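Visitor: Sharing a structure below in structure tokens format, with a few things to ask.
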Amino acid sequence: MSETADSSTVRVTVFSDYVCPFCYVADRRIRRLAEQVDLEVHWRPVEIHPHTPPEGMPLDQLGYPPDLWERMMMHLGNLAAEEGIRLVERRFTTNSHKALLVAEAARDCGPEVFDRVHQALFFAFFTRSRNIGQVDVLREVAAEAGMGEEAFERALIEPAYEDRLRENFVAARRLGITGVPSFVFGDHVVAGAVPLPHLLQAAREAAGAA
């Protein structure tokens, strides 16, 4: 993924949350897209379930009708298998707010640290079934990904990172985005964990319009 864009670079903004399994799929698809297109990727964390307590709560309290939830999970299983993602069975979800703050602070540590933390948060929640709403878990995940303790502590106390999350939320709403994952290529929004060919088409159209 390109950090320094030139005239051939396709810029994509991805609105995402670490407690959204379809965002995990989207991350893998963006990485595969980057093998075909020179991408400049900007991840913008957006909290999708702000009222979930950090200690977690049962998944059935999210309010989805059982038949819809079953179809969603079947679809998710197929997508995860396509992307080589191992999902463990989970019975809980958690509040992602602090995880999003940590990701924003990791961005200031450089692209390599951010990418490791970004991947580690998805992996911890969906493959290791760890509660990334809890500070002690987040601290361990961030440290394993190479994020320093000082940077981690700044994530939880510096107002600038809260400001960034608010800016991300406002930016999403201005674009009419109400769910994640959502990809923005130029002025074109692609919503959901769409197949890779859809992303490739959007990237090519954005490159042609540049």
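Visitor: Can you give the helix-only mean residue ellipticity at 222 nm for the chain, where every DSSP H stretch with n ≥ 4 adds -39500 (n - 2.57) and the sum goes over all residues, rounded to the nearest 500 deg cm²/dmol?
Guide: Computed ellipticity for the chain at 222 nm equals -16000 deg cm²/dmol.
Visitor: At what distance in nm do the modelled label points of GLN61 and VAL88 sit from each other, each positioned 7 Å from its Cα along Cα→Cβ?
Guide: About 2.1 nm, to one decimal.
Visitor: Return a whole-number percent for the relative contact order of the stretch 64-210, with Cα pairs under 8 Å and 6 or more residues apart as the contact set.
Guide: Averaging sequence separation for qualifying contacts and normalising by length gives 18 percent for the stretch 64-210.
Visitor: Roughly how many Å is it from the Cα centre of the stretch 164-210 to that of the stretch 72-102, as a whole number?
Guide: 20
Visitor: Hey, got the dipole for the stretch 10-209? About the Cα centre, +1 on K and R Cβ, -1 on D and E Cβ, debye to the nearest 20?
Guide: 420
Visitor: Residue separation times 0.36 nm, minus the C-alpha to C-alpha distance between ASP38 and LEU196: what's the value?
Guide: Contour length minus the Cα-Cα distance gives 55.4 nm.
Visitor: Right, another one. Distance in nm between label sites at ASP187 and VAL135, each 7 Å beyond Cα in the beta-carbon direction?
Guide: For the pair ASP187/VAL135, the computed spacing is 4.5 nm.
Visitor: On to the next question. Counting Lys and Arg as +1 and Asp and Glu as -1, each charge on the Cβ, what is the dipole of the stretch 60-126 about the Cα centre in debye, to the nearest 20?
Guide: The calculated dipole for the stretch 60-126 is roughly 180 debye.
Visitor: Tell me which cysteines of the chain come out unpaired when the rule is another cysteine's Cβ under 4.7 Å.
Guide: CYS109
Visitor: Starting from the Cα of MET74, step 7 Å along the direction of its Cβ; do the same at HIS51; then give the gap between the two resulting points in nm.
Guide: My value for the distance between the label points is 2.9 nm.
Visitor: Subtracting the Cα-Cα distance from 0.36 nm times the residue separation, let me have the gained length for ALA81 to ALA209 in nm, one decimal.
Guide: 42.7 nm
Visitor: Take every DSSP beta bridge whose two residues both sit in the chain, then give the antiparallel share in percent to the nearest 5.
Guide: 60
Rule-based calculations on the coordinates, nothing more; no lab input. Note that this is a predicted model, so its numbers are computed, not measured. Please note: Cβ atoms are built from the backbone with ideal geometry, for glycine as well, and neighbour counts cover all protein chains shown.
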